[in-house]
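First up is the structure itself, then whatever we jot down about it.
The values are calculated or read from the model by the stated rules, or taken from the named source; none is laboratory data. Computed from a prediction, not measured in an experiment: that's the story for all the values here. Glycine gets a Cβ as well: all are built from the backbone with ideal geometry, and neighbour counts include every protein chain shown. Heads up: the accessible areas ignore ligands, DNA and RNA and are worked out on the full protein's heavy atoms, side chains in. Shrake-Rupley method; radii C 1.70, N 1.55, O 1.52, S 1.80 Å.
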Amino acid sequence: MELELRHLRTIRAIADAGSLTKAATALGLAQPALSAQLRRIERSLGGTLFERGRTGVRATALGELVLDRARVVLPAVHELQQEAVRFARAGTPYGPRTPLRIGGTHGPLLGGLVDRLASADPGVTVVTHTTWSEREIAASADEGRLDYALIGACGESAPPGSGSLAWTEVARDPVFVMLSTGHPLAARSGIELAELAAEAWTDVPGDGCFADCFAAACVRAGFTPACVYETDTASCVHLVQVGRAVGLCRATFPDTPGMVTRPLVGTPLVWRHLLGWHPEAPAATRAPDVVAHVRAAHSDAVARSSSYARWLTARDAVLHNAVEGADR
């Protein structure tokens, strides 16, 4: 016989009542039937749970062990049942609302996506997971532990994973450089990567393609970075603000006191924002909405970066002039 929750409830009822007769009354059973059930439970557990005396029953050492576990398990199961009922009642007419699980690397789009999802559908529950590892996020989506993966790739590099995920490019940004406001090049509208050859650099960690893309861009510019501080975003910003290093960032990086972001001439590095999901997962039906929300979050991030806005204006003017010149 396998131990079941009803057996734990029986053991607890006997201990609370202090006698088989009182426990039988509380459980609505005949006393002989309860005694027989207790014997079956004791055989399944391999020992006596209660000692019988003139004043009632008292738990043995084995009984105390089982009671200790029962006092944890039974309330937990009861709470699970209540939570499940609340969850089911919070569902739509077409079924319960399951949480939307989204993983992403550290950046502005994940927070913007959560905000837009919550605004568009206040009843949705969004669970987020962040890590520096793009491979980990992709693997979690592939294995069903995440519904959506929000990551990036530089240039035309393929996203990580086994190829079972569906990927959509939601935006594409140039990579800018972060400089302290006191840096000699801070007033420039654009900076050649080669002009930064003597600088110390700072960057966030990661296992994606960006480090290789950056190294290759530096080689094309004729140098190899002498020093790279790999740390979290806040520390990267601090190192730039105090003039200890320069750093690379997505063009959507918001305006920040003590530093400026400037485009690299010729755009030697490009960052693609990618959203991935398993096409056979239940959450895949929401993909068009999620893609739209990510793109809107990206537009919001662009609006918060004055340097990116200037770069876009200048680029559009060049394209407009090129079109007019071709029409003449």
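Quick notes on this structure:
- Where only alpha carbons of the stretch 110-199 are counted, the Rg and the Dmax (Å): 18.3, 53
- Remark: the Cα gyration tensor places the stretch 170-328 in the oblate category, a/c being 1.5 or greater and a/b not exceeding b/c.
- Span per principal axis, largest first, for the Cα atoms of the chain (Å): 106, 46, 36
- When +1 charges are put on Lys and Arg Cβ atoms and -1 charges on Asp and Glu Cβ atoms, the dipole computed for the stretch 215-295 relative to its Cα centre reaches about 260 debye.
- The chain, accessible surface, carbon-and-sulfur percent (1.4 angstrom probe): 54 percent
- Other-chain or far-sequence residues with amide H under 5 Å of Asp203's (modelled H): Tyr229, Glu230, Thr231
- Rounded to the nearest 20 debye, the dipole size of the stretch 156-273 about its Cα centre is 240 debye, using +1 on the Cβ of Lys and Arg and -1 on the Cβ of Asp and Glu.
- FRET E, pair Val265, His129, Förster distance 51 Å, beta-carbon r, rounded to 0.05: 0.85
- Among Ser235, Leu3, Ala13 the positive-end extreme of the charge dipole of the chain (Cβ point charges): Ala13
- Packing-based ranking, highest mean first, of 233-239, 50-56, 100-106 given that Cβ atoms within 10 Å are counted: 100-106, 233-239, 50-56
- Karplus 3J(HN,Hα) series, Hz, for the stretch 163-168 with 6.51 cos²θ - 1.76 cosθ + 1.60 (x for Gly, Pro): x, 7, 8, 8, 10, 10
- Label-point gap, in nm, between Gln31 and Val72 - each point 7 angstrom along Cα→Cβ: 3.5 nm
- The packing ranking of peptides 301-314, 261-274, highest mean first, is 261-274, 301-314, where packing means the average number of other beta carbon atoms within 10 angstrom of each residue.
- Among Asp207, Asp255, Asp16: highest mean-square fluctuation, GNM of the chain, C-alpha pairs under 10 Å: Asp16
- Cysteines without a disulfide-compatible partner [the chain; Cβ-Cβ under 4.7 Å]: Cys209, Cys218, Cys227, Cys236, Cys249
- You can think of it this way: the chain between Glu156 and Val291 has 46.6 nm of extra reach, that is 0.36 nm per residue less the Cα-Cα gap.
- Under 5 Å from the amide H of Ala245 lie the amide H atoms of Val240, each residue being 5 or more positions distant or on a separate chain, with H modelled from the backbone and absent for Pro and chain starts.
- Length available on full extension from Phe223 to Ala198: 0.36 nm per residue minus the Cα-Cα distance, which gives 8.1 nm.
- Total formal charge among the other residues, if their Cβ is under 11 angstrom from that of Gly276, Lys/Arg +1 and Asp/Glu -1: -4
- For the stretch 253-322, with +1 on Lys and Arg beta carbons and -1 on Asp and Glu, the positive-most of Val260, Gly276, Ser305 along the dipole: Val260
- When only alpha carbons are used to place a centre, the stretch 203-227 and the stretch 1-79 end up 67 Å from one another.
- With protein chains left intact and a 1.4 Å probe, residues in the stretch 1-47 average 57 Å² of accessible area per residue.
- The residues neighbouring Ser35, those whose beta-carbon lies less than 12 Å from its own, together hold a net charge of +2 under the Lys/Arg +1, Asp/Glu -1 convention.
- Proximity of backbone amide H atoms, modeled 1.01 Å from N, is registered between Ala59 and Glu51 at under 5 Å, excluding neighbours fewer than 5 places apart on the same chain.
- Under 20 Å from the Ala84 label point (7 Å along Cα→beta-carbon), backbone N, the stretch 1-43: 2-10
- Electrostatic dipole magnitude of the chain [Cβ: Lys, Arg +1; Asp, Glu -1; Cα centre; debye, to 20]: 1620 debye
- GNM flexibility winner over the chain from Asp142, Asp121, Asp203 (Cα, springs under 10 Å): Asp121
- Heavy-atom surface of the stretch 158-220, accessible at 1.4 Å and reported per residue (Å²): 44 Å²
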